[in-house]
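Asker: Pasting a structure below so you can have a look.
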Amino acid sequence: MPESQQNNPRPTVLVITADRGVGHGLVKAFCYRGWRVIATVAPGTFGVPWVQSLKVERNGGKLMEMDYNDEDDMKKVSTDIAGQDTYRLDVVVNCAGLEAPPAYSGCMYEGEPGVLERIKVMVAVPIVITKVFTPHLTEAEDGLVPRTLVHVMPNLQTGAGNYKTLSGQPEVHCHGMAKRSVHAQAQNLDHTYRGRGTRVNTLLLEAAGPNEGLPFWRSCDSMVRIIETMTPERSGTFLNWEGNPASYYM
């Protein structure tokens, strides 16, 4: 945590989908760096060992079950958070996503199974999360860190978006389209906030892929540091885990 925060109350982050993958790693990185973390996990996973290993209570945080495919369930969690004065949010991080599927032989428009569901989760769910949870940011006073809405996208090298043309050549596929769509959401929201004078940043981050040859922990810690040092000039941008401009199609 930055030195200016060391003697102050903890900043609070909501991490959506912490029961696996990048969300799980980010929760541990936030806790390690002294944040209070509210983490949502899939219904029925409280007793799973790796969920229990998060230990968010040590920093005054909380685990909450939430189905990110159910808007009413999101609203319930949002209401519960609003009823806890100690849980005023400084940052919301959305890591909602699906498990990596088997490699597909065709591009998205060839009707491969699972594509519509993936587009729903990667494009529509961020819209609903923005609608439900950003009031916690827009209606709050300035906190210990810049108030920021963050969407974390997978790296194509994970295999989760391994859609190719029948000729086997990489093509413009669903992950690239999803990244472009969510980035546009972040840019539009940033433009709206600036017009209203609302001091909330938006950010799209891309997690590291397994082919980049670095520990998973390091990439999560780096993303937390990017969030901690967020500035209005970076609002609306799409960055990789190193803080450099990211590509839609890598």
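Asker: Of the listed pairs Lys55/Lys120; Lys62/Lys179; Lys76/Lys179; Lys55/Lys179; Lys76/Lys120, which have alpha-carbon separations greater than 26 Å here? Display every interim value, and only then the final one.
Answerer: Values: Lys55/Lys120 31 Å; Lys62/Lys179 30 Å; Lys76/Lys179 28 Å; Lys55/Lys179 31 Å; Lys76/Lys120 21 Å.
The answer is Lys55/Lys120; Lys62/Lys179; Lys76/Lys179; Lys55/Lys179.
Asker: How large is ³J(HN,Hα), in whole Hz, for each residue of segment 19-32 in order, when computed from phi with the Karplus curve 6.51 cos²θ - 1.76 cosθ + 1.60 and θ = phi - 60°, using x for Gly and Pro?
Answerer: For segment 19-32, the Karplus curve yields 8, 6, x, 4, x, 4, x, 5, 4, 5, 5, 4, 4, 4 Hz.
Asker: Taking θ = phi - 60°, what integer Hz values does the Karplus form 6.51 cos²θ - 1.76 cosθ + 1.60 yield along segment 86-93, in sequence order, with x for Gly and Pro?
Answerer: 6, 10, 4, 8, 9, 9, 10, 10
Asker: Just to check I understand the Karplus step: with θ = phi - 60° and J = 6.51 cos²θ - 1.76 cosθ + 1.60, what whole-Hz values come out for segment 175-190, glycine and proline as x?
Answerer: 5, x, 5, 5, 4, 4, 5, 5, 4, 4, 4, 4, 5, 5, 5, 4
Computed from the coordinates by the stated procedures, all read-outs in this text should not be read as laboratory data. Please read these numbers as outputs of a predicted model, since none were measured by experiment.
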